[in-house]
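> Please find one structure pasted underneath; my questions will follow.
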Amino acid sequence: NAGLLAVSAPGADKIELVSPKKDIYGKQAILATGYSEDWQITVPAGDYTVKVTKKDGSEATAPAKLTAGERTEVSVP
């Protein structure tokens, strides 16, 4: 029941995979973190948010919907 998430984020310093839903305190749970511009991770199928922190300090996000047994590619400019 897992899929492969491949993230491409030019200029990224940190890539985080976060829960799309906020908890009771308004925070999104960080599920995994990578420290490069290209990152791959296998995670259970479902909806996620990819959060990228760039080297210049700016941030960007993108949704990711993973399907079991498939590769999902997300590009965060």
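> Output the number of the condition that Pro77 fails; it satisfies all remaining conditions of (1) open to solvent by less than 30 Å² (accessible area, probe 1.4 Å); (2) modelled with pLDDT under 95.
Going through the list (1) open to solvent by less than 30 Å² (accessible area, probe 1.4 Å); (2) modelled with pLDDT under 95, Pro77 breaks only (1).
> When both residues are 6+ apart or on different chains and their Cβ atoms are under 6 Å apart, which pairs have a first residue that lies in the stretch 41-64 and is more than 13 Å from Leu17 (Cβ to Cβ) and of a type in the set (A, V, I, L, M, F, W, C), and a second that is open to solvent by less than 80 Å² (accessible area, probe 1.4 Å) and not in a strand (DSSP E or B)?
From residues that are more than 13 Å from Leu17 (Cβ to Cβ) and of a type in the set (A, V, I, L, M, F, W, C), the pairs are Ala45/Thr67; Ala45/Ala68; Ala60/Val76.
To keep it simple, each residue is scored yes or no on (1) of a type in the set (A, V, I, L, M, F, W, C); (2) surrounded by 17 or more Cβ atoms within 10 Å (Cβ to Cβ).
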position	(1), (2)
Lys14	no, no
Lys21	no, no
Val52	yes, yes
Ala60	yes, no
Gly69	no, no
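> Among the residues of the stretch 1-11 satisfying the criterion of being open to solvent by less than 80 Å² (accessible area, probe 1.4 Å) and under 16 Å from Ile41 (Cα atoms), which is farthest from the chain's Cα centre (by Cα)?
Among residues in the stretch 1-11 that are open to solvent by less than 80 Å² (accessible area, probe 1.4 Å) and under 16 Å from Ile41 (Cα atoms), the one farthest from the chain's Cα centre (by Cα) is Ala2.
The values are calculated or read from the model by the stated rules, or taken from the named source; none is laboratory data. Every value quoted in this text rests on a predicted model; they were computed, and no experiment measured them. FYI the Cβ positions are ideal-geometry reconstructions off the backbone, even for glycines, and counts take in every protein chain you see. All accessible areas refer to the heavy atoms of the entire protein, side chains included, with ligands and DNA or RNA removed. Shrake-Rupley method; radii C 1.70, N 1.55, O 1.52, S 1.80 Å.
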